[in-house]
Amino acid sequence: MCTLLHPKRSPSVTAEPLAPHALHPTPGIAAATTDLSKVHGSGDTRVVALDRVSIAFREGEFTAIMGPSGCGKSTLMHCAAGLDPVSSGSVRIGTTELSTLDERQLTELRRDRIGFIFQAFNLLPTLTALENITLPMDIAGRKPDRQWLDRVVSMVGLSERLGHRPGQLSGGQQQRVAVARALVSRPAIIFGDEPTGNLDSRAGTEVLGFLRDSVRELGQTVVMVTHDPVAAGFADRVVFLSDGRLVDEMAHPSPDRVLDRLKEFDTRARAS
Ligand code: ADP
Ligand code: MG
């Protein structure tokens, strides 16, 4: 199924038919946007960060979002995750249309159905690794499934470090805690914004490997914003944004092919 609705590289200037998933939630789709637009500011400071972006993220798939700085990657992630209100269009998480939710329901949806991994690890320094991992579920009053917790912790290689506080862990280990924290509640989807941006390449490769394992072994759905072709090479699919629009996508990316595609965009941008 084609989940990228804009035809390859054509600008989305004309009205296009709504995607089927806009009308009926499609089985196997973890999250989707339809004609999602986001405008920041007004008047002289008005910026169209997203221009009618329609995209679906399939369950159990690892998607990387790429594009030049300022093209709208973080905005897309924030809108798709219900962190930022949209200007127009729709966002669904599973079968839930976010515009139908009030603030409290939205907070619950983010807490219960979405996992987040940010560039800054966002761990609480006074809590142990284990307490950080279970914190969102503790707040929600839910008990983590012990077997699942053990599996997640051992998958990210933290079994020996659960009693350590973030200050006693390396950057890579701290981000592994953040990965485990995102995974432990079995969210419908995990969003990561440059999750390896603060890590050296070895620690980054490890974290990317764990994210890929979570997709392969645990069936997790992951969407990751990155500017790094090597990181994108871990994904099943790369989507390319430019000036707030989806312009291309690539299945089974390799770092070399991603780099070549980015160079083509650069060349075309300079020529136009
Ligand atoms: P990326 O993550 O691809 O670098 P962003 O999504 O952060 O891009 O930003 C897209 C565009 O929206 C940029 O032009 C940016 O300056 C603008 N933008 C992002 N957030 C805000 C904001 N809170 N207020 C005003 N403009 C913003
Ligand atoms: Mg960004």
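Every number here is computed from the coordinates shown, using simple stated rules; none is lab data. Computed from a prediction, not measured in an experiment: that's the story for all the values here. Methodologically, a virtual Cβ is constructed for each residue, glycine included, from the backbone with ideal geometry; neighbour enumeration extends over all protein chains shown.
Between region 23-57 and region 113-175, how far is it from one alpha carbon centroid to the other, in angstrom?
First find each Cα centre; the distance between them is then 31 Å.
In nanometres, what is the gap between the two model label sites at Arg186 and Ala120, each 7 Å from Cα along Cα-to-Cβ?
Output for this residue pair reads 3.3 nm.
Relative contact order, percent, of the chain when contacts are C-alpha pairs under 8 Å separated by at least 6 residues?
Relative contact order comes out at 25 percent.
Using a basic spin-label model with each label point 7 Å from the Cα along Cα→Cβ, how many nm lie between Arg146 and Arg111?
Computed distance between label sites Arg146 and Arg111 equals 2.5 nm.
Using only the alpha-carbon atoms, what does region 15-141 span along each of its principal axes? Please give whole angstrom values in decreasing order.
Largest first, region 15-141 extends 51, 39, 29 Å along its Cα principal axes.
Suppose we keep just the DSSP beta bridges with both residues in the chain; what percent of those would be antiparallel, to 5?
If I count the DSSP bridges inside the chain, around 60 percent turn out antiparallel.
Could you go through region 171-183 in sequence order and give the Karplus-derived ³J(HN,Hα) for each residue, using 6.51 cos²θ - 1.76 cosθ + 1.60 with θ = phi - 60°, rounded to whole Hz, and x for Gly and Pro?
3J(HN,Hα) across region 171-183, in whole Hz: x, x, 5, 4, 6, 5, 4, 5, 5, 4, 4, 5, 7.
Can you tell me the orientation of helix 201-218 relative to the chain, as the angle in degrees between its alpha-carbon axis and the longest Cα principal axis, to the nearest 10?
It is inclined by approximately 90 degrees.
Restricting things to alpha carbons, tell me how big region 3-271 is in terms of Rg and Dmax, in Å.
In order Rg, Dmax, the Cα atoms of region 3-271 give 18.4, 57 Å.
For a Förster distance of 35 Å, can you work out the FRET efficiency between the beta-carbons of Glu131 and Leu101, rounded to the nearest 0.05?
0.75
Could you list which residues have their amide H under 5 Å from that of Gly115, counting only those 5 or more apart in sequence or on another chain, with H placed in the peptide plane?
Amide H neighbours of Gly115, under 5 Å, 5+ apart: Ile189, Ile190, Phe191.
Per DSSP H run of at least 4 residues, take -39500 (n - 2.57); add these up for the chain, divide by its residues and hand me the 222 nm value, nearest 500 deg cm²/dmol. Don't jump to the answer; show the numbers that get you there.
Details: 9 runs with 98 residues, N = 272.
Computed mean residue ellipticity for the chain: -11000 deg cm²/dmol.
Looking at region 123-168, which trypsin sites (Lys or Arg not before Pro) are in a loop (DSSP not H, G, I, E or B) and have at most 14 other Cβ atoms within 10 Å? Before the final figure, lay out each step's value.
Working: sites: Arg142, Arg146, Arg151, Arg161; in loops: Arg142.
Answer in residue order: Arg142.
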